[in-house]
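To keep things clear, I will list the structure first and then write my remarks on it.
The values are calculated or read from the model by the stated rules, or taken from the named source; none is laboratory data. All figures in this text were calculated on a predicted structure; none of them were measured in a lab. Glycine also receives a Cβ, built like all others from the backbone with ideal geometry; neighbour counts cover every protein chain displayed.
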Amino acid sequence: MNATDRLLLETRDAAQKLNTGIHMHIAEIPYENELVMRTKGIDHGTVTYLEKIDFLRSNLLAAHSVWLNKPEIGHFLKADVKVSHCPASAMRMLGFAPIREMLDSGVCVSLGTDGAPSNNRMSIVDEMYLACLINKGREAYITGTTNPTALPAETVLKMATINGAKAVLWDNEIGSLEVGKKADMVVVNPLIWSMVPVHDCIANIVYCMRTENIESVMCNGRWIMREKKIVNLNEFTGGICN
């Protein structure tokens, strides 16, 4: 939390004027909250302070959001703040975010990878799998019993698709296959060993799919990769293909 109030509020106002979003890493580590409490004279941390200065808005994407308490989750919900959950980065260095509590309250939670210094793989496929595991483990730790339904595959797939679109304010254009939206899609081969056998399509995508299962990728109606070959870029020269 090293931004001045003036910078924060002028960023808020500029984003509103330009009709765009704000991306900000929030409540990543305990020290961040401790610093804000000590320097700003509040009773918890970053989210509490941002709510106090009227910074929270529906165009804010709060990355990580690990160290939140219940009232702060309420602040996010009231302002319609979106959250980017980065499970690999969280397990590596940040902690266990209250994802179930945020989802149960109605906060829009999407999936992210964070940057290379804290997540070397940068794969949303891996993040779906890890999101299921990390949050089931957190539930077992908190409640003292296992719950295989904690953060189910259907919810995680939603976090990776339509919630991701909502998080970047593009859900009217992408995030789901609907008439009038851009044709963004991934073609998955379920017959590669990692996904065999297929008993539940969504569960297989979240728990079993690997990047090698992805055959083709389309963006806005144009193939980017077709049958495992990049078609819009020469992989050897780096030149753009027509």
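Among the residues of segment 111-139, write down those that are among the charged types (D, E, K, R) and either within 23 Å of GLY175 (Cα to Cα) or touching a Gly at 6+ places or on another chain (Cβ under 9 Å) (or both).
Taking segment 111-139 as the starting set, the residues that turn out to be among the charged types (D, E, K, R) are 114, 121, 126-127, 136, 138-139.
ASP114, ARG121, ASP126, GLU127, listed by residue number.
Just give me the residues in segment 120-143 being within 14 Å of MET91 (Cα to Cα), part of a helix (DSSP H, G or I) and touching a helix residue (DSSP H, G or I) at 6+ places or on another chain (Cβ under 7 Å), in sequence order.
Answer for segment 120-143, where residues must be within 14 Å of MET91 (Cα to Cα), part of a helix (DSSP H, G or I) and touching a helix residue (DSSP H, G or I) at 6+ places or on another chain (Cβ under 7 Å): ASP126, GLU127, MET128, TYR129, LEU130, ALA131, CYS132, ILE134, ASN135.
Tell me yes or no: at least one residue of segment 197-220 is in contact with a Lys or Arg (Cβ under 6 Å, 6 or more places away or on another chain), on the phi > 0 side of the Ramachandran plot and part of a loop (DSSP other than H, G, I, E, B).
yes
Before we move on, is VAL156 in the same structural domain as LYS228 (by TED's automatic domain parsing), buried (at least 17 other Cβ atoms within 10 Å of the Cβ) and closer than 21 Å to MET102 by Cβ? Don't jump to the end; show me each part of the working.
Details: in the same structural domain as LYS228 (by TED's automatic domain parsing): no; buried (at least 17 other Cβ atoms within 10 Å of the Cβ): yes; closer than 21 Å to MET102 by Cβ: yes.
No: the conditions fail for VAL156.
Find the residue count for segment 183-214, including only residues that are farther than 21 Å from GLU227 by Cα and surrounded by 15 or more Cβ atoms within 10 Å (Cβ to Cβ).
3
Report, by residue number, each residue of segment 19-58 that is over 17 Å from THR4 (Cα atoms), modelled with pLDDT under 95 and part of a loop (DSSP other than H, G, I, E, B).
Within segment 19-58, GLU28, ILE29, ASP43, HIS44 qualify.
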